[in-house]
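Have a look at the structure below before the remarks.
The values are calculated or read from the model by the stated rules, or taken from the named source; none is laboratory data. Source: prediction; values computed, not measured. Reconstructed Cβ throughout: ideal geometry from the backbone, glycine too, with neighbour counts over all protein chains shown. We work out accessible area using only protein heavy atoms, side chains counted, and drop any ligands, DNA or RNA first. Shrake-Rupley method; radii C 1.70, N 1.55, O 1.52, S 1.80 Å.
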Amino acid sequence: MHPEDLAEKAAQFRAEDAAIKREVRVCMAASCQSSGAAPVLEALTQLCGDGGGTCRVKGVGCMGLCSAGPLVAVADKDCDLADSVLYRDVMPTDAPDIMRSVCGAPVERLRCPTDQPFFARQQRIVLENCGIIDPDSFKSYVAVGGYAALVKALSEMTPAEVLREVTTSGLRGRGGGGYPTGLKWSTVAKTPGAQKYVICNADEGDPGAFMDRAVLESDPHRVLEGMAIAGYAIGANKAYVYVRAEYPLAVERLQTALRKARGAGFLGNRVADTQFSFEVEIRLGAGAFVCGEETALMASIEGLRGQPRPRPPYPAESGLWGCPTLINNVESFANIAPIIRNGGDWFAGIGTEKSKGTKVFALAGKIQNTGLIEVPMGTSLRDIIEVIGGGIPDGKTFKAVQTGGPSGGCIPEQHLDIGVDYDSLKTLGTIMGSGGMIVMDDTSCMVDVARYFMEFCMTESCGKCIPCRAGTQQMHGLLDKIANGQGTAADLALLEELCEVVQATSLCGLGQTAPNPVLSTLRYFRDEYEAKLADG
Amino acid sequence: MAQPATPTVRVVTLRIDDHDLSAREDETIIEVCREHHIPIPSLCHLDGLSVWGGCRLCMVELEGQSRLYAACSTRVAEGMRIQTQSDRLRRYRHTILELLFAERNHVCSVCVSNGHCELQWLAQKCGVDHVRIPYRHVAYPVDSSHEMFRLDHNRCILCTRCVRVCDEIEGAHTWDVMNRGTDCRVISDLAQPWGNSDTCTSCGKCVQVCPTGALVKQGTSVGEMVKDQHFLPILARRRHLS
């Protein structure tokens, strides 16, 4: 397919509903659905009818401000979120008022200002279509320029040129490790092998993280497009998306997207009428956190027990069924289409020196605006929490923010001015992780926090290696004892020693990073531990 | 003139502790150490079985690298400088052994493997004369349903040697692991009593490779269970040749 043909197709899709002037968009992502978005959509659809041919009601993906859901946006067609009239906490009984406001004055009592920093301070690349297009509609993805990057790559670029753009972009793995994506891609591309695989890791398991879920629920085609571009660049014709089964809505929308992309010739044999073939299958995770670790994930796809194996060999050399395998996270793949569309240099112009582009964060915990945000790398934590996040509710004061889930650590008030990127967070004893941010106020006990994450690691340890299996268990026991006021100075010393051993000797990332929540809380809040010691 | 055959595997030279050695590049560090009688503790590795990398006792230091490497799963490379003994490594090994002793019930004085147990022997070698880590004191079941052998989960360290020998050498795959974390347990078939197993050939290889008193012969008393693992490298070689 020639890029011009696709552009024609997109224009045709846009012309099909040229008569539509105004849209009522109802967020139908998981969190708004859980607060009752489905009946709102139904009530609005019923009232709207055919909308006189100029107005329509549609379900869209995540708009970000989950704490205010269900969210409904009334906007001109093709208008983005910031320029729409947004309504919060909408009930089905509000439908008549909202429908009246489509052509009239906004309903002030439901209004949620879109000029507030939460919306104004974001820069949306990964989330550019989230909350705007209907995730189940192939046409609406193509209408906003979808699959143009894939067609461009297939028809105008060699695989080496695709690799160069991705390398130039400076994109780093968004799953948490921050490994340079371009380097990973070219390693797999250069590894000899007749059969290669692409895997999308959507086994998002960190407590408080829901970035990948939102992307899959709101814009699933974007991930598939990124995967297909990757397949072309590295020479793979088969791919898997490994999604956790706890994301039923994401799985459903992904299945729909797969079906429609296949039907339209953008997946399967002869993608977009070229020699390139690319088949994608979905594999469901059965609830083990460790299956987010790449070697465990691949074992799980192969039908084996989901537990890690020693690396090297890395998946790039010997991955799925021993074949060279590229494995990236959902958000990494979601960044690919814009990089190909706009060029690697454009992407490299955003962010900090060593961390390019934007990052999606899930704000959770004691923060005014819980939800999903996307900001350029280097945005300060203070901006994220106090300005975009709206600060701490109920007049409480900020105590710490936890990043990186059970592999990360807590950052106290004095370090809030640091710009967020992979390296700065590492110097603070935590990690970027996949993007979960849990904010804690002064009522949180940091020993409790450490105990919570240790319990998570203990129950999620696969049991293969001794330090992680027995070590997390013992560390949890010691934390429990200290939290209950029965710990001694000797217990604290033993805890610290176990942290060191487990970190240095565990087989996979789960064990190696399991002590991080303890180490970082000990680093910044040691006095809280000591205050709880029985002999302190 | 005859052309020399192009070698497919190169030979490299490396330094382990104070020894300058040569090795094939497809060998792991632990294989080279075993060949040259350089002691490295390990409870899951066994010559003839696939790499597992679970006990983490064989961690070594590589010069120029801050992180540790498991000798059983790391291939040698040209110019590698390896340190198998250091205060740090000794301390870690000590702690890992303590974790094992505290995890399940390893009371040597009443164990049929007393005196012939790899865990006991390693603990003595590594100077584990007491355990600082709190014992868990959890009772695990004992499976005596097999007419010749017995499985005592209280002594199991989950090294999976039994799982691997049964799958890779005997070809029966009677054993596997169920659950996760500290709830992990070695199971026969789909968690059925061993005596009812349809797949078990009663060959006893699992018993011989078990490093502790978890898999033993019926009718043995304290200290009577002596194991013999000499068959393994021979059978493994035959299997790979055929």
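Yes/no matrix, rows are residues, columns are (1) more than 30 Å from A:LEU372 (Cβ to Cβ); (2) in contact (Cβ under 8 Å) with a residue 40 or more places away in the chain; (3) outside the structural domain of A:GLY205 (by TED's automatic domain parsing):
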| residue | (1), (2), (3) |
| --- | --- |
| A:LEU425 | no, no, yes |
| A:GLY429 | no, yes, yes |
| A:GLN473 | yes, no, yes |
| A:LEU479 | yes, no, yes |
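Take the residues in the stretch A:149-176 that are of a type in the set (Lys, Arg), modelled with pLDDT of 95 or more and more than 16 Å from A:GLU225 (Cα to Cα), then tell me which one is least open to solvent (accessible area, probe 1.4 Å).
So in the stretch A:149-176, the residues of a type in the set (Lys, Arg) come out as A:152, A:164, A:172, A:174.
Checking which are modelled with pLDDT of 95 or more leaves us with A:152, A:164, A:172.
Those still in the list that are more than 16 Å from A:GLU225 (Cα to Cα) too: A:164, A:172.
Values: A:ARG164: 143, A:ARG172: 40 Å².
The qualifying residue least open to solvent (accessible area, probe 1.4 Å) is A:ARG172.
Condition first: crowded, with 17+ Cβ neighbours inside 10 Å, more than 30 Å from A:GLY477 (Cβ to Cβ) and within 14 Å of chain A (Cβ to nearest Cβ). Can you find one or more residues in the stretch B:167-187 that meet it?
So far as the stretch B:167-187 goes, yes, one or more of its residues are crowded, with 17+ Cβ neighbours inside 10 Å, more than 30 Å from A:GLY477 (Cβ to Cβ) and within 14 Å of chain A (Cβ to nearest Cβ).
Please enumerate the residues belonging to the stretch B:5-35 that are in contact with a Lys or Arg (Cβ under 8 Å, 6 or more places away or on another chain), part of a strand (DSSP E or B) and open to solvent by 90 Å² or more (accessible area, probe 1.4 Å).
B:VAL11, B:ARG24
Within the stretch A:389-405, can you find the residues that are surrounded by fewer than 24 Cβ atoms within 10 Å (Cβ to Cβ) and touching a Phe, Trp or Tyr at 6+ places or on another chain (Cβ under 8 Å)?
Kept after step one, since they are surrounded by fewer than 24 Cβ atoms within 10 Å (Cβ to Cβ), are these residues of the stretch A:389-405: A:390-399.
A:GLY390, A:GLY391, A:ILE392 - these are the residues of the stretch A:389-405 that are surrounded by fewer than 24 Cβ atoms within 10 Å (Cβ to Cβ) and touching a Phe, Trp or Tyr at 6+ places or on another chain (Cβ under 8 Å).
For the stretch A:490-513, name all the residues that are among the small types (Gly, Ala, Ser) and part of a helix (DSSP H, G or I). Steps first, please.
First, the residues of the stretch A:490-513 that are among the small types (Gly, Ala, Ser): A:490, A:493, A:504, A:506, A:509, A:511.
Scanning the stretch A:490-513 gives A:ALA490, A:ALA493, A:ALA504, A:GLY509, A:GLY511.
Does A:GLU331 meet the test of being open to solvent by 10 Å² or more (accessible area, probe 1.4 Å), assigned by TED's automatic domain parsing to the domain that holds A:GLY175 and charged (D, E, K, R)?
Working: open to solvent by 10 Å² or more (accessible area, probe 1.4 Å): no; assigned by TED's automatic domain parsing to the domain that holds A:GLY175: yes; charged (D, E, K, R): yes.
For A:GLU331, the condition - open to solvent by 10 Å² or more (accessible area, probe 1.4 Å), assigned by TED's automatic domain parsing to the domain that holds A:GLY175 and charged (D, E, K, R) - is not met.
Could you tell me which numbered condition B:ILE133 fails, if it satisfies all but one of (1) surrounded by fewer than 14 Cβ atoms within 10 Å (Cβ to Cβ); (2) touching a Leu at 6+ places or on another chain (Cβ under 8 Å); (3) of a type in the set (A, V, I, L, M, F, W, C)?
(1)
Has the stretch B:137-159 got at least one residue that is β-branched (Val, Ile, Thr), assigned by TED's automatic domain parsing to the domain that holds B:ALA102 and surrounded by 21 or more Cβ atoms within 10 Å (Cβ to Cβ)?
Within the stretch B:137-159, the first condition is being β-branched (Val, Ile, Thr), and the residues that meet it are B:138, B:142, B:157.
Those left that are additionally assigned by TED's automatic domain parsing to the domain that holds B:ALA102: B:138, B:142, B:157.
Still in the list and also surrounded by 21 or more Cβ atoms within 10 Å (Cβ to Cβ): B:157.
Yes - at least one qualifying residue is present in the stretch B:137-159.
Taking into account only those residues within the stretch B:75-119 that are hydroxyl-bearing (Ser, Thr, Tyr) and within 8 Å of another protein chain (Cβ to nearest Cβ), which is farthest from B:ILE38 (Cα to Cα)? Even if it seems obvious, please write down each step before you answer.
Residues of the stretch B:75-119 hydroxyl-bearing (Ser, Thr, Tyr): B:84, B:86, B:92, B:95, B:109, B:113.
Restricting the remaining residues to those that are within 8 Å of another protein chain (Cβ to nearest Cβ) gives B:92, B:95.
On the way: B:TYR92: 19, B:THR95: 21 Å.
The extreme case among them is B:THR95.
When the residues of the stretch A:497-536 are narrowed to those that are open to solvent by 20 Å² or more (accessible area, probe 1.4 Å) and small (Gly, Ala, Ser), which ends up farthest from the other protein chains (Cβ to nearest Cβ)?
Taking the candidates together, the pick is A:ALA531.
In the stretch B:36-71, how many residues are more than 10 Å from every other protein chain (Cβ to nearest Cβ), surrounded by 24 or more Cβ atoms within 10 Å (Cβ to Cβ) and within 15 Å of B:VAL165 (Cα to Cα)?
So the count comes out to 1.
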